[in-house]
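These notes are about the structure you will find just below.
The values are calculated or read from the model by the stated rules, or taken from the named source; none is laboratory data. Small disclaimer: the values here were computed from a predicted structure and weren't measured. Positions of Cβ are backbone-derived with ideal geometry, glycine not excepted, and every protein chain shown enters the neighbour counts. Remember, those area values only see protein heavy atoms, side chains included, never the ligands or the DNA or RNA. Shrake-Rupley method; radii C 1.70, N 1.55, O 1.52, S 1.80 Å.
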Amino acid sequence: MQHDGHFAELPLYTEAAQVSFLDGLSLDDRNRALVRAAVAHLGRIIDHAGADFCAAVTVTGWEDLATPHFWLANPSHGVFEFLRVDPPGDGSKVVAGWLDHDPGYTLNDEIPRVPAETWRDRVFLQRNDLLFPRHVRLG
């Protein structure tokens with residue numbers, strides 16, 4: 001599992017129509033289902049990972065229909081030289097609720113390092129058995 005750049009962030013879905021089967025649920029229940037599906041698939045991704053591979057789920061748009069992404073990187077490519085995250089904030093609290101505050105995960109909000117109009121707020125969701133290096137978790 002290799003990525004040529006610093007990281008890739010692949011969405012669980014690309015169009016609302018792909019998750020329209022959830023339309024009968026409340027917005028909160030739709031978001032809960034989407035985040036839980038991403039977390040379940042993260043385990044399958046990690047099962048295929050090698051030593052130079054890191055994966056997490058990121059979540060954007062938690063104020064509306066959430067968009068979970070699979071954040072994938074090869075640490076040897078230097079991603080951790082610039083990635084910084086905040087302690088859990090408002091976004092992390094919302095996403096943690098969709099996971100029923102499962103203690104098996106660490107959630108952090110991202111500190112944007114570029115102008116706000118080019119970057120979306122996101123929550124990093126990591127499995128506790130595969131956390132980023134310590135210096136990355138808190139910026």
* Structure fact -> F21 passes all but one of the listed conditions (1) loosely packed, with under 14 Cβ neighbours inside 10 Å; (2) hydrophobic (A, V, I, L, M, F, W, C); (3) closer than 17 Å to R122 by Cα; the exception is number (3)
* Structure fact -> For W62, the lone unmet condition from (1) aromatic (F, W, Y); (2) surrounded by 14 or more Cβ atoms within 10 Å (Cβ to Cβ); (3) farther than 16 Å from L130 by Cα; (4) touching a His at 6+ places or on another chain (Cβ under 8 Å) is (4)
* **Which listed residue, of N108, N128, is modelled with pLDDT of 85 or more and open to solvent by less than 60 Å² (accessible area, probe 1.4 Å)** => N108
* Structure fact -> Considering the stretch 69-89, residues that are without any contact (Cβ under 8 Å) to a residue 24 or more places away in the chain and open to solvent by 30 Å² or more (accessible area, probe 1.4 Å), and then whichever is nearest to R122 (Cα to Cα), we arrive at P88
* Consider G50 against the criteria (1) without any contact (Cβ under 8 Å) to a residue 60 or more places away in the chain; (2) surrounded by 12 or more Cβ atoms within 10 Å (Cβ to Cβ); (3) not polar (S, T, N, Q): it satisfies all of them except one. Which criterion is unmet? -> (2)
